[in-house]
Amino acid sequence: MAKVAGRRTRGVVVALIVALPLVLSACSSTNQSPSVVYTALPPLDTAGIGPTPTLETIAITTSAPDNSWSVTFKKPVLAGVPDPALGKMNDAITEKVNGYIHNFTEGTLPQVASGGTPSTLQGDFSIALLSPSIVSLRFVVVTSLSGSNKLDIEPASINFWVPTGAPLDLSDLFNDPNAAVSQLASKAHTALTANLGTTLTWDGKADSLTFFDAWDMTETGLEFTWATGKIAGDAAGPASVTLDWSDLKTLIRSSGPAGQFEQ
């Protein structure tokens, strides 16, 4: 059974995955992505699985000397597992967070009018899964430009195989990533249609797994999130769906990171 974030509909369980005390507005609206050819992967090395990582938060707060922008970002920091895996994961998280901040502060921002407020970037995260083998984190980044009441939200994610600290690609989960694209699209579209109705603007087609760029693994299923306006009308807000592992059993690579969920 799929779980969808949005209005409650008969037969659909609502699962809200990320919340910020902000009103969210539209992002880009692109339904399809360029085709990608995936190569076969060797079995995942399951040696070295140890303790579950712990997670702390560092609050990053900075502002421009001329008051043109301000940044507040809650950055996750992992601990409790040995290096070099720990260092690899935290380095990847740092790179991701710094990338958001750099793109914002080094971008073209409007001048602040007299008495106006600066452009702002607010970042936060939540845990989708924290286990001895997998770390799956959700990110949400909200920007507001000075002089505008519009907010832009960007959902994102990062996933790791803990024993090695290696970041995971969505393609790592499937026997045949190319074949998985259409099936994931069909299953997600069915669940979203049941909940969002006519507010859903996505036609259910996807050219590659990059269409599902914000994804996370949870205990119950594979979770996808799209920005406001990308697959549904703005009034629907950010859309998300969780496809149960049992519904994805034929797609999952047994020797991959999600193989533990296919039983």
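Every number here is computed from the coordinates shown, using simple stated rules; none is lab data. Model, not experiment: these values are computed from the prediction. Every residue, glycine among them, receives a Cβ derived from its backbone with ideal geometry; neighbour counts consider all protein chains shown.
Converting phi to 3J(HN,Hα) with the Karplus coefficients 6.51, -1.76 and 1.60 and the offset θ = phi - 60°, the range 212-224 yields 9, 6, 9, 9, 9, 9, 10, 4, 9, x, 9, 10, 10 Hz in sequence order, with x at every glycine or proline.
Here S63 and T201 are evaluated by their C-beta separation; at R0 = 45 Å the FRET efficiency comes out at 0.75. Tell me, Kirkwood radius of the range 47-195 from alpha-carbon pair distances, in Å? That comes to 17.7 Å for the range 47-195.
Qualifying GluC sites (Glu not before Pro) in the range 156-263, where qualification requires a DSSP coil assignment and no more than 13 other C-beta atoms within 10 Å, comprise E219. Going by Cα centres, the range 66-118 and the range 202-263 are how many Å apart? After rounding, the separation between the Cα centres reads 26 Å.
As a size descriptor, the averaged projected area of the C-alpha convex hull of the range 113-263 was calculated at 10.4 nm². Note on K75: lysines with a C-alpha under 19 Å away, same-chain residues under 8 apart excluded, are K88, K96.
Multiplying the residue separation of H102 and T190 by 0.36 nm and subtracting their alpha-carbon distance yields 27.9 nm. The label-point distance for A79 and A113, in a model that sets each label 7 Å from Cα toward Cβ, rounds to 4.6 nm. Backbone N atoms of the range 67-87 closer than 11 Å to the 7 Å Cα→Cβ label point of E56 belong to residues 77-80. Computed over the range 111-189, the P(r) curve from all C-alpha pair distances, binned at 5 Å from the origin, holds 3, 12, 14, 13, 16, 13, 9, 8, 6, 4, 1, 0 percent per bin.
What's log10 of I(q)/I(0) for the range 66-112 at q = 0.15 Å⁻¹, Debye sum over Cα points only, no solvent? Normalising to I(0) and taking log10 leaves -0.52. Sorting 243-250, 173-180 by their mean Cβ neighbour count within 10 Å, with the most densely packed peptide first, gives 173-180, 243-250.
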